[in-house]
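Throughout, read-outs are computed from the coordinates displayed, never taken from laboratory work. The shown structure was predicted, so the numbers you read here are calculated from the model rather than taken from an experiment. All Cβ positions, even for glycine, are placed from backbone atoms using ideal geometry, and neighbour counts span all protein chains on display.
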Amino acid sequence: MSPAERFVRHQKIRTDRAISQAFGRLATHPRARASFNEMLGCVRHRSPDLLLAPTVLDRHLGVEALVNLSRFARAHVRTMASWSGCGASWRGAVNALAHHLLSDYRVPAFLAAAWYATDQPAGAKRRWFIAHARGASFRSLSLPIRLTRKMEHIFLGSADHLEIDYALRRAELLGLGANATLADAVLATRPAQDLRHGDFWRSMWLFLIANRHAIERDQVGPLIDFVNAVRHERVAVETANGTVMREPPQPEFSLKGRTPQSMLRLMDGWHRSLGVVTGGLSWEPSRWRPMAVEMSHEDPAAEPVFWQLTELTSSAQLRAEGAALQHCVASYGHLCWRGTSRIWSLRRRRGVGARSVMTIEVDTHRRTIVQARGFRNRRASGKALGIVQAWAAREGLRLSL
């Protein structure tokens with residue numbers, strides 16, 4: 001059997017399993033189950049590429065979209081039988097189907113991602129889609145971020161591939177006056193996807209915009225990590241009684257009266273404190289494979305250089321990595337333990353000695369590399385960046401750096 005045939009067979013098995021599980025999930029909802037069954041039959045004949053969607057976190061995204069659309073059967077404004085189908089890719093097909101069933105007005109294509117999203121707030125996003133498709137202005141909806149008219153305009157003009165949370169945060173930053181460099185730096189951090197604590201983060205963005213000439217681009221991410229950790233992050237800690245969750249140390253932390261210099265001093269002190277934390281957590285490796293690359297030296301007599309991309313699976317390893325590269329990866333232990341992030345170390349070895357060159361963060365839910373930082377948070381570049389890009393392509397990961 002050829003690789004192509006094996007792929008097709010594997011895809012069919014995954015799809016059939018997802019469909020079976022979907023019928024089970026809808027067993028107690030007769031109307032939704034009937035809607036799903038009708039939808040499935042139409043899609044198989046009129047838009048089969050929808051069922052070629054990938055599986056993420058054990059959820060087939062195409063089948064997931066059909067399940068979620070069927071749960072809103074009472075809101076459908078057209079029948080499934082009247083849909084003529086769609087010849088686009090699976091994302092385009094989901095968008096076309098959602099518009100047919102639910103829309104009085106056209107809405108941006110990227111909003112259709114709400115129907116296959118698997119994050120917790122996805123239900124709210126589906127209600128946003130319906131309300132906006134029925135004529136409500138987007139900024140009038142119950143959103144985690146207060147949008148101005150300018151922000152709403154930027155948001156609704158977002159590219160089709162952007163995720164909804166990311167597009168909201170990007171629109172907020174650009175609407176407030178952030179330049180592209182600052183916006184990109186913020187969008188590489190966790191608050192790009194976590195839209196809670198909206199008023200506080202609005203004050204943080206205004207602080208960064210006002211002081212953009214005093215804070216280097218490479219310091220923006222670490223500064224946000226520091227503020228997020230001391231104000232918002234609950235941390236898993238190993239104790240004699242097992243793992244317990246500790247509340248953030250300064251939940252009332254404010255930017256009032258702070259200067260860029262004082263913030264950077266606080267951040268540096270916090271980074272240093274991470275290296276002396278004792279105890280720790282460990283977690284199972286992710287599904288992604290390590291990578292090793294050998295590069296010959298120009299001098300044939302010299303030893304070749306090996307680049308190794310290795311996953312870090314304990315908070316002790318994170319602390320060692322952070323100490324070697326002088327950045328804050330030690331604070332990511334609880335995110336790895338919860339399964340929302342995975343941290344990888346790119347190391348360069350010649351002979352018996354190896355040294356860390358770059359730390360990579362993978363957002364597991366989005367299957368996206370969201371950060372790649374070198375010594376003192378330098379941005380990825382050169383050969384190291386090329387290896388990360390090659391690894392991402394091999395493992396089917398997106399890059400958002």
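Enumerate the residues in segment 196-223 having an amide nitrogen under 14 Å from the point lying 7 Å beyond the Cα of T148 toward its Cβ. What the label zone holds, given the 14 Å backbone N cut-off, is 202-203, 205-207, 209-210.
For segment 311-394, the Stokes-Einstein estimate of translational diffusion at 37 °C and a viscosity of 0.692 mPa s comes to 253 µm²/s, using the Kirkwood hydrodynamic radius over alpha-carbon pairs. How tilted is helix 198-210 with respect to the longest principal axis of the chain? Cα atoms for both, answer in degrees (0 to 90, nearest 10). The two axes meet at around 50 degrees. Loop-located chymotrypsin sites (Phe, Trp or Tyr not before Pro) in segment 311-389 (DSSP state not H, G, I, E or B) with no more than 14 neighbouring Cβ atoms inside 10 Å do not occur. Residues whose amide H lies under 5 Å from that of R379, counting only those 5 or more places away or on a different chain, are G374; hydrogens are built 1.01 Å from N in the peptide plane. Computed over segment 3-102, the percent of Cα pairs more than 21 Å apart is 29. Ignoring the sites themselves, what is the longest stretch of the chain with no GluC sites (Glu not before Pro) in a DSSP loop and at most 13 other beta-carbon atoms within 10 Å? In the chain, the maximal stretch lacking such sites is 1-215.
Angle check, please: helix 90-102 long axis (alpha carbons) against the longest principal axis of the chain (alpha carbons), in degrees 0 to 90, nearest 10. That works out to roughly 50 degrees.
Over segment 178-274, with a single point scatterer placed on each C-alpha, what log10 of the ratio I(q)/I(0) does the Debye formula yield at q = 0.16 1/Å? Log10 of I(q)/I(0), two decimals: -0.70. With all projection directions averaged, the alpha carbon convex hull of the chain covers 24.6 nm².
Between R350 and N241, residue separation times 0.36 nm minus the direct Cα-Cα distance comes to 34.9 nm. If R0 equals 60 Å, the separation of the Cβ atoms of H45 and S262 corresponds to a calculated FRET efficiency of about 0.40. Taking a straight Cα-Cα cut-off under 14 Å and skipping sequence neighbours fewer than 8 places away in the same chain, the aspartates and glutamates within cross-link reach of K383 are E294. Diffusion coefficient (Stokes-Einstein, Kirkwood radius over C-alpha pairs, 10 °C, 1.306 mPa s) for segment 121-247: 99 µm²/s, rounded to a whole number. Between helix 3-25 and the chain there is an angle of about 70 degrees, using the helix long axis and the longest principal axis of the Cα atoms.
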